[in-house]
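Before any comments, here is the structure.
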Amino acid sequence: MEKLIVEGGVPLRGRIRVSGAKNAALPILMACLLAEGKVELSNVPRLRDIHTSLRLLDILGCETSFEGNDATSEVTNLSPEAPYELVKTMRASVLCLGPLLARLGEARVALPGGCAIGARPVDLHLKGLERMGAEFELTEGYILGKSGRLKGAHITFDFPTVGGTENLLMAASLAEGETILENAAREPEVEDLANFLNAMGAKITGQGTSVIHVEGVEKLTGCKYKVMPDRIEAGTYLVAAAITNGELLVEDCPFQELDAVSYKLREMGVWLEEKADGVLVKRNGALRGVDVVTQPHPGFPTDMQAQIMALMCVAEGTGSIEEKIFENRFMHVQELARLGANISLKGRMAIVRGVDKLVGAPVMASDLRASASLVLAGLAGAGKTHISRIYHLDRGYERIEEKLSAVGARIWRENE
Ligand code: UD1
């Protein structure tokens with residue numbers, strides 16, 4: 001297994017480019033199952049989860065290719081089974097459920113099960129699809145779904161679930177009649193998926209708001225589409241500049257999608273300036289602790305919680321973070337403590353008291369964004385931080401050590 005070594009204390013300087021968004025590319029790849037004809041995607045990040053998705057598309061009967069950041073997919077002979085071996089490595093595999101039911105009237109998809117950051121059930125996906133006429137049975141760890149042609153329905157989510165909204169958007173695109181999704185997720189990646197579906201011929205309006213209308217069509221066709229840039233990767237680099245007291249120009253930064261993050265960073269004492277070719281980020285005096293509550297979009301994203309916590313660890317004063325989306329997303333706390341952070345936990349609330357400095361130590365990554373927070377803390381700390389289990393990081397950050405090295409970081413991979 002590989003580990004990352006980060007030798008901290010170097011202010012990062014220069015330009016760093018953001019890759020395509022993992023959380024947009026994953027549902028978009030699953031939506032390729034809906035198309036008749038070839039889909040050509042660009043700005044697809046080279047990540048482990050993307051390779052897994054392409055493998056899943058192959059198994060489900062698509063012909064795929066992936067060169068550089070361009071991926072293609074064409075359905076040849078659809079098959080309804082998403083096996084456990086793949087689903088267990090990537091929860092987002094469950095996003096093939098809606099497309100398979102819409103195209104085949106049948107799906108056999110392994111139940112994703114729990115994951116490190118919480119129970120994460122898919123009940124809202126299933127309830128919504130049932131409203132559209134699907135029937136489900138859970139047996140031997142698989143969701144067995146059957147339906148005739150799905151029928152449009154008026155669905156109000158109990159919670160604005162990202163994956164649930166995406167599954168239903170895909171299903172509704174080929175359903176008979178109109179679907180209205182209320183209390184839908186407003187995440188930019190949901191909007192990107194809807195724009196992609198429209199490029200294939202779907203009739204979706206209201207994406208990006210909490211009420212989405214879908215007029216079902218008879219068929220969707222291939223198209224060319226560029227995946228949006230990754231707001232969470234971008235946010236991670238904004239923090240990287242601030243935590244090292246450096247200065248970065250973050251290129252391809254979807255700044256308008258980062259409002260809640262930039263608001264909190266500015267409150268902490270970070271200078272952010274939109275330029276023609278990116279976002280300039282540096283410190284604006286000393287860093288201060290702030291209070292953060294994670295919320296569905298447009299609130300502060302849970303996927304940036306661990307990274308802003310790393311920043312608060314070296315800020316003056318006390319800050320707090322309340323995690324409202326996932327019940328168990330504080331595994332980075334004990335690892336940050338190994339680097340000298342002062343954080344106390346009470347249920348879903350973390351109180352972060354800033355310390356003068358962090359000092360490198362061996363730590364373990366527990367999930368994707370937790371890994372990013374450890375890299376950030378390592379960049380700020382004195383000495384070497386050894387981060388093991390970095391396969392988590394490779395699920396979501398394209399060439400992170402290459403990109404960070406190019407702006408001055410001392411970071412490299414070693415075999416354990
Ligand atoms: C997506 C993102 C993930 C991000 C999350 C919240 C992808 C591939 N992943 O995950 O990076 O952290 O949004 O912004 O895009 N829930 C239920 N029942 C359901 C569905 C969800 O109870 O049927 C709960 C979950 O357990 C969780 C919360 O709702 O507590 C949020 O889940 P959801 O918005 O669905 O997130 P994901 O789509 O899994």
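The values are calculated or read from the model by the stated rules, or taken from the named source; none is laboratory data. This is a predicted model, so every value here is computed, not measured. Please note: Cβ atoms are built from the backbone with ideal geometry, for glycine as well, and neighbour counts cover all protein chains shown. Ligands, DNA and RNA are stripped out before the accessible areas are found, and what is left, the full protein with its side chains, is counted by its heavy atoms. Shrake-Rupley method; radii C 1.70, N 1.55, O 1.52, S 1.80 Å.
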### Task
Please determine, by comparing only the residues of region 55-73 that are out of contact with any helix residue (DSSP H, G or I) (no Cβ under 8 Å at 6 or more places or on another chain) and open to solvent by 40 Å² or more (accessible area, probe 1.4 Å), which one is farthest from residue 109 (Cα to Cα).
68
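Sort out which residues of region 200-211 are closer than 14 Å to residue 27 by Cβ and either surrounded by fewer than 16 Cβ atoms within 10 Å (Cβ to Cβ) or without any contact (Cβ under 8 Å) to a residue 60 or more places away in the chain (or both), and write them in order of number. So that I can check it myself, show each step before the final result.
Initial filter on region 200-211 (closer than 14 Å to residue 27 by Cβ): 200, 202, 204, 207.
Passing the criteria: 202, 204, 207.
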### Message
Can you report the number of residues in region 300-329 which are open to solvent by 30 Å² or more (accessible area, probe 1.4 Å) and without any contact (Cβ under 8 Å) to a residue 40 or more places away in the chain?
### Response
6
#### Entry: Residue selected from region 162-182 under the condition within 16 Å of the chain's Cα centre (by Cα) and buried (at least 24 other Cβ atoms within 10 Å of the Cβ), by the criterion nearest to the ligand (Cβ to nearest atom)
164
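Can you pull out the strands (runs of 3 or more DSSP E) entirely within region 11-93 that have at least 3 residues that are outside the structural domain of residue 188 (by TED's automatic domain parsing)? I'd like the intermediate steps shown before the answer.
Numbers: elements: 13-17, 38-42, 62-67, 70-75.
In region 11-93, 13-17 are the strands (runs of 3 or more DSSP E) which contain 3 or more residues that are outside the structural domain of residue 188 (by TED's automatic domain parsing).
This table checks each residue for (1) open to solvent by less than 40 Å² (accessible area, probe 1.4 Å); (2) assigned to a helix (DSSP H, G or I); (3) within 25 Å of residue 342 (Cα to Cα).
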{"position": "366", "(1), (2), (3)": "yes, no, yes"}
{"position": "371", "(1), (2), (3)": "yes, yes, yes"}
{"position": "377", "(1), (2), (3)": "yes, yes, yes"}
{"position": "396", "(1), (2), (3)": "yes, no, no"}
{"position": "401", "(1), (2), (3)": "yes, yes, no"}
{"position": "404", "(1), (2), (3)": "yes, yes, no"}
{"position": "408", "(1), (2), (3)": "yes, no, no"}
{"position": "412", "(1), (2), (3)": "no, no, no"}
### Query
Residue check: is residue 285 farther than 19 Å from residue 372 by Cβ and either modelled with pLDDT of 95 or more or within 15 Å of the ligand (Cβ to nearest atom) (or both)?
no
### Query
So which residues in region 300-352 are within 16 Å of the ligand (Cβ to nearest atom), over 23 Å from residue 22 (Cβ atoms) and not in a strand (DSSP E or B), if there are any at all?
347, 348
### Task
Give region 82-100 a look and list any residue that's buried (at least 24 other Cβ atoms within 10 Å of the Cβ) and in contact with a Lys or Arg (Cβ under 8 Å, 6 or more places away or on another chain), or say none.
82
### Query
Among 148, 141, which is the only one that is outside the structural domain of residue 389 (by TED's automatic domain parsing) and within 18 Å of residue 173 (Cα to Cα)?
148
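Just to check your reading of the model, which residue among 305, 334, 295 is assigned by TED's automatic domain parsing to the domain that holds residue 352 and touching a Ser or Thr at 6+ places or on another chain (Cβ under 7 Å)? Even if it seems obvious, please write down each step before you answer.
On the way: 334 fails: touching a Ser or Thr at 6+ places or on another chain (Cβ under 7 Å); 295 fails: touching a Ser or Thr at 6+ places or on another chain (Cβ under 7 Å).
It is 305.
Sort through 237, 263 and tell me the only one that's part of a helix (DSSP H, G or I) and free of Cβ contacts under 8 Å to residues at least 24 places away in the same chain. Reasoning before the result, please.
Details: 237 fails: free of Cβ contacts under 8 Å to residues at least 24 places away in the same chain.
None of the other options fit; the residue is 263.
Name the residue, out of 91, 55, that is basic (Lys, Arg) and away from the ligand (no atom under 13 Å from the Cβ).
On the way: 91 fails: away from the ligand (no atom under 13 Å from the Cβ).
55 is the lone residue from the list that is basic (Lys, Arg) and away from the ligand (no atom under 13 Å from the Cβ).
For residue 122, indicate whether it is under 24 Å from the mean Cα position of the chain (by Cα), of a type outside the set (Lys, Arg), closer than 22 Å to residue 202 by Cα and within 14 Å of the ligand (Cβ to nearest atom).
On the way: under 24 Å from the mean Cα position of the chain (by Cα): yes; of a type outside the set (Lys, Arg): yes; closer than 22 Å to residue 202 by Cα: no; within 14 Å of the ligand (Cβ to nearest atom): yes.
No; evaluated as a whole, the condition is false for this residue.
Only one of these is within 16 Å of the ligand (Cβ to nearest atom) and not acidic (Asp, Glu): 258, 238, 248, 265. Name it. Explain how you work it out, then say what you get.
Values: 238 fails: within 16 Å of the ligand (Cβ to nearest atom); 248 fails: within 16 Å of the ligand (Cβ to nearest atom); 265 fails: within 16 Å of the ligand (Cβ to nearest atom).
None of the other options fit; the residue is 258.
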